[in-house]
Amino acid sequence: MKKIIFKMLYILYKWCNYKHKKSIQNFIKKFDGGEMCSLWLRKIFKDYHNIMIGEGSYGGCFRTENINANTIIGKYCSIANNVYIYNRDHPCRYVSTHPIFFNEKYGDITDKNLIEYKQKIIGNDVWIGQNVILLASVRQIGDGAVIGAGAIVTKDIPEYAIAVGNPAKIIGYRFDDYTIDIIKKSKWWDWDFEKLKSDNKYFSQISSFIELLNYEQGRPII
Ligand SMILES: CC(C)(COP(=O)(O)OP(=O)(O)OC[C@H]1O[C@@H](n2cnc3c(N)ncnc32)[C@H](O)[C@@H]1OP(=O)(O)O)[C@@H](O)C(=O)NCCC(=O)NCCS
């Protein structure tokens, strides 16, 4: 029965105005396991907004008004509510930057004038703080990266880097290269959600996490 209701809401969504779309999102969030887990919510975002959101990710990634199409967000990302993700700019080299000259919504735009949303990929376990703006020039935020509150990000951020400021600069890395390699190879974000919750005690210290990996794999990884 639940499945039929979700399916109907999914179909209905296409024809709804902004306010009703929000209501459908909220209903699905509430009754399909919350925004960290809901597959229907993810399906709506993927099919209607071209925003792909991995399992476990939550927060601002579900705000269509802040996030452009063609965004891929990995698993277990924490995105603050006021994050803006832009994937295209108004054309600074046209005679005018106004959308009637490049946005198909306003009329017959030739292919030449159409400005497409470039793809932006945000990795797994990325934390993006309050009031961050990711500009259209950014193609990739690496796994495990942290973007500090208020940053304006103009360039790609490597995995496990901590970046702050305007323009955002890297102030350090969460771990050394060796540890990053171990975490990346573990691909813990592909583990089952319930397993992650039950094993959460191993995640607060890298030494415990390595113990867990050794136990799981039946052989020492270091
Ligand atoms: C970036 C952050 C995670 C701290 O990372 P950290 O590696 O522990 O950094 P530190 O606190 O040691 O600060 C290192 C330097 O960066 C500066 N800094 C820290 N956060 C900054 C920020 N957001 N913008 C600008 N500078 C910042 C500090 O002032 C310090 O500068 P100094 O070396 O000149 O003294 C944290 O400051 C932050 O921005 N958190 C996001 C909070 C938020 O938005 N939460 C929303 C809920 S999801």
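Report whether or not Phe193 is out of contact with any Gly (no Cβ under 7 Å at 6 or more places or on another chain), among the aromatic types (Phe, Trp, Tyr), under 22 Å from Ile79 (Cβ atoms) and surrounded by fewer than 16 Cβ atoms within 10 Å (Cβ to Cβ).
no
Going by what's in this entry, would Lys201 be described as within 25 Å of Cys37 (Cβ to Cβ) and of a type in the set (Lys, Arg)?
The answer is yes for Lys201.
Within region 28-45, is even one residue hydroxyl-bearing (Ser, Thr, Tyr), touching a strand residue (DSSP E or B) at 6+ places or on another chain (Cβ under 7 Å) and outside any helix (DSSP H, G or I)?
no
Is it the case that region 109-119 has a residue that's over 16 Å from Ala69 (Cβ atoms), part of a loop (DSSP other than H, G, I, E, B) and among the hydroxyl-bearing types (Ser, Thr, Tyr)?
Yes, there is a match, as at least one residue in region 109-119 is over 16 Å from Ala69 (Cβ atoms), part of a loop (DSSP other than H, G, I, E, B) and among the hydroxyl-bearing types (Ser, Thr, Tyr).
Answer yes or no: is there a residue in region 91-100 that is in a helix (DSSP H, G or I) and of a type in the set (Phe, Trp, Tyr). It would help to see each step written out before you state the result.
Within region 91-100, the first condition is being in a helix (DSSP H, G or I), and the residues that meet it are 99-100.
Okay, now just the ones that are also of a type in the set (Phe, Trp, Tyr), so none.
Within region 91-100, none of the residues are in a helix (DSSP H, G or I) and of a type in the set (Phe, Trp, Tyr).
One residue is enough: does region 63-80 have a residue meeting the conditions assigned to a helix (DSSP H, G or I) and buried (at least 19 other Cβ atoms within 10 Å of the Cβ)?
Scanning region 63-80 turns up no residue that is assigned to a helix (DSSP H, G or I) and buried (at least 19 other Cβ atoms within 10 Å of the Cβ).
Among the residues of region 165-212, which ones are more than 23 Å from the chain's Cα centre (by Cα), acidic (Asp, Glu) and closer than 30 Å to Thr154 by Cβ?
Asp176, Asp177
Given (1) touching a Phe, Trp or Tyr at 6+ places or on another chain (Cβ under 7 Å); (2) within 14 Å of the ligand (Cβ to nearest atom), identify the lone condition not met by Ile109.
Of everything listed in (1) touching a Phe, Trp or Tyr at 6+ places or on another chain (Cβ under 7 Å); (2) within 14 Å of the ligand (Cβ to nearest atom), Ile109 misses just condition (2).
Matching residues to (1) of a type in the set (Val, Ile, Thr); (2) buried (at least 17 other Cβ atoms within 10 Å of the Cβ); (3) assigned by TED's automatic domain parsing to the domain that holds Thr97:
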position	(1), (2), (3)
Ile115	yes, yes, yes
Gln119	no, no, yes
Val126	yes, yes, yes
Ile133	yes, yes, yes
Gly142	no, yes, yes
Tyr160	no, yes, yes
Ala163	no, yes, yes
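Given the criteria touching a residue at least 12 places away in the same chain (Cβ under 8 Å) and closer than 16 Å to Ile122 by Cα, does Ile44 qualify?
Answer is no for this residue.
The values are calculated or read from the model by the stated rules, or taken from the named source; none is laboratory data. Remember, it's a predicted structure, so these values are computed and weren't measured experimentally. Every residue, glycine among them, receives a Cβ derived from its backbone with ideal geometry; neighbour counts consider all protein chains shown.
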